[in-house]
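The values are calculated or read from the model by the stated rules, or taken from the named source; none is laboratory data. Keep in mind that this is a model prediction, so the values were computed, not measured. Cβ: placed from backbone, ideal geometry, glycine included. Neighbour counts: every protein chain shown.
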Amino acid sequence: MGLGLSITGIVLAGGQGRRMGSVDKGLVPLLGRPMVAHVIERLAPQVDEILINANRNMSQYMALGHAVIPDAIGGYAGPLAGLHVGLTHAANPLVATVPCDSPFLPRDLIARLSAAIQDHAADIAVARTFDQPHPVFALVRREVLPHLTQFLQDGGRKIDAWYATLKATEVAFDDQAEAFRNINTADELRQAGVGGS
């Protein structure tokens, strides 16, 4: 895996899905399977362990065959809450995050992020396409957990504000910009079902 370190992958499925009528986006069907199943299919060959961060429909997520962990912080605190609980449970020194609504994520995502975190001796590597960072596509060192815990205890919730406090590096994926397409609306779901990759 580039670093010689094992990697835990966390699929972030703990949100409220507000832009899709508050449905559980990871479980929305795409091409006959829950969207999260497509995400796991792409992520699994790239990591050593998968955890699913979810706050509802736990049994449906458990049926996918991976450990399911809810936020430790109440009130749907966002992706940092998912990363926080993932870092707490991860068996490995590096932790990757991906969202449950990006079924076309790059097949070389983790290889490229892990090369960058090593080359730059960074705390975190974040994917970017052109001038747009994608903070929920990231690889983090597990030892940042105490720092993140403090940030959340102090009321911090914004993922980019937390990243700004770390030694971060961005990794360009301009060659695969479409891979970061996420599905937030019924329209986007329809388009993905027709033009999936």
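A few comments on the model shown:
- Of the residues 80, 43, 51, the single one that is in contact (Cβ under 8 Å) with a residue 24 or more places away in the chain, closer than 14 Å to residue 7 by Cα and either among the aromatic types (Phe, Trp, Tyr) or part of a helix (DSSP H, G or I) (or both) is 43.
- Any chance residue 73 is under 23 Å from residue 140 (Cβ atoms), surrounded by 18 or more Cβ atoms within 10 Å (Cβ to Cβ) and of a type in the set (Val, Ile, Thr): no
- Condition check for residue 186: touching a residue at least 60 places away in the same chain (Cβ under 8 Å), of a type outside the set (S, T, N, Q) and over 24 Å from residue 7 (Cβ atoms): yes
- The set of residues from segment 136-156 being closer than 20 Å to residue 11 by Cβ and outside any helix (DSSP H, G or I) comprises 136, 137, 138, 139, 140, 141.
- Of all residues in segment 86-105, those satisfying the criterion of being buried (at least 20 other Cβ atoms within 10 Å of the Cβ) and of a type in the set (A, V, I, L, M) are 87, 90, 94, 95, 96, 98, 105.
- Output for segment 133-157, where each listed residue is surrounded by fewer than 16 Cβ atoms within 10 Å (Cβ to Cβ), without any contact (Cβ under 8 Å) to a residue 40 or more places away in the chain and touching a helix residue (DSSP H, G or I) at 6+ places or on another chain (Cβ under 9 Å): 147
- Picking from residues in segment 106-123 that are crowded, with 24+ Cβ neighbours inside 10 Å and in contact with a helix residue (DSSP H, G or I) (Cβ under 7 Å, 6 or more places away or on another chain), the one that is farthest from residue 181 (Cα to Cα) is 110.
- Among the residues listed as 148, 87, the single one being modelled with pLDDT of 95 or more and either among the polar types (S, T, N, Q) or more than 24 Å from residue 46 (Cα to Cα) (or both): 148
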